[in-house]
1. ³J(HN,Hα) across the range 31-47 via Karplus (A = 6.51, B = -1.76, C = 1.60, θ = phi - 60°), whole Hz, x for Gly/Pro?
2. Could you pull out every residue, at least 5 positions away or on a different chain, whose amide H is within less than 5 Å of the one on residue 51? Hs are placed 1.01 Å off N in the peptide plane, and Pro or chain starts have none.
3. In the chain, what percent of the accessible surface is made up of carbon and sulfur (1.4 Å probe, ligands and nucleic acids excluded)?
4. Output ³J(HN,Hα) for the range 55-71: one whole-Hz value per residue in order, computed from phi by the Karplus curve 6.51 cos²θ - 1.76 cosθ + 1.60 with θ = phi - 60°, and x for Gly and Pro.
5. For the range 57-85 and the range 109-123, write down the distance between their C-alpha centroids in whole Å.
6. Sum -39500 (n - 2.57) across every DSSP H segment of at least 4 residues in the chain, then divide by the residue count to get the 222 nm mean residue ellipticity, nearest 500.
7. With a point put 7 Å past each Cα toward its Cβ, work out how far residue 83 is from residue 23 in nm, to one decimal.
8. Pairs of Cα atoms under 8 Å, at least six residues apart: use those to get the relative contact order of the range 25-136, whole percent.
Amino acid sequence: MRPGDAATPEIDAFTRPYWDAAAEGRLLIRRCGACGRAHHYPREFCPYCWSEDVAWEEASGRATLYTWSVIHRNDLPPFDARVPYTAAVVDLAEGPRMMTEVVGCGEGELRIGMELWVEFRGGEGGGGVAVPVFGPG
């Protein structure tokens with residue numbers, strides 16, 4: 001992804017550990033020290049008990065497919081070059097749900113509950129941001 005792309009995340013001091021880990025091929029989530037629940041997307045507080053006692057934790061990378069939609073038309077770069085693609089919601093093994101994309105799997109192979117593993121797109125050599133996507137592993 002190039003700066004200015006619709007899909008380029010804005011990285012700030014708080015989210016930098018997440019994106020740095022993604023560049024290394026690791027998926028981070030946040031876990032609350034007060035109630036013990038994990039959450040994603042990264043926030044500075046727990047969305048369940050509102051505690052600010054939250055910390056980064058490396059996720060296993062395992063997930064199951066919750067739902068998906070195959071996108072056949074998207075005029076926004078860089079998505080326009082990827083159609084058709086599968087936008088999805090997965091349940092991470094640690095509990096949180098995550099919006100993502102399923103890769104390496106045809107539309108006819110998708111099944112609710114199928115096991116998926118995290119992969120990372122981008123970030124290699126080209127200076128882009130590595131983004132977590134999921135595939136059948």
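The values are calculated or read from the model by the stated rules, or taken from the named source; none is laboratory data. The shown structure was predicted, so the numbers you read here are calculated from the model rather than taken from an experiment. Heads up, the Cβs are rebuilt from the backbone with ideal geometry, glycines too, and the neighbour counts pull from every protein chain shown. Calculation scope for accessible area: heavy atoms of the full protein, side chains included, ligands and nucleic acids excluded. Shrake-Rupley method; radii C 1.70, N 1.55, O 1.52, S 1.80 Å.
1. So the Karplus estimates, Gly and Pro as x, are 10, 7, x, 7, 9, x, 7, 8, 9, 8, 7, x, 9, 7, 9, 7, x Hz.
2. Under 5 Å from the amide H of residue 51: 46.
3. Numbers: 3910 of 7770 Å².
That share works out to 50 percent.
4. So the Karplus estimates, Gly and Pro as x, are 9, 6, 9, 6, 7, 5, x, 8, 7, 10, 6, 9, 7, 7, 8, 8, 8 Hz.
5. 9 Å
6. On the way: 1 runs with 8 residues, N = 137.
So the calculated ellipticity at 222 nm is -1500 deg cm²/dmol.
7. For the pair residue 83/residue 23, the computed spacing is 3.3 nm.
8. On the way: 231 pairs, mean separation 25.1, N = 112.
It rounds to 22 percent for the range 25-136.
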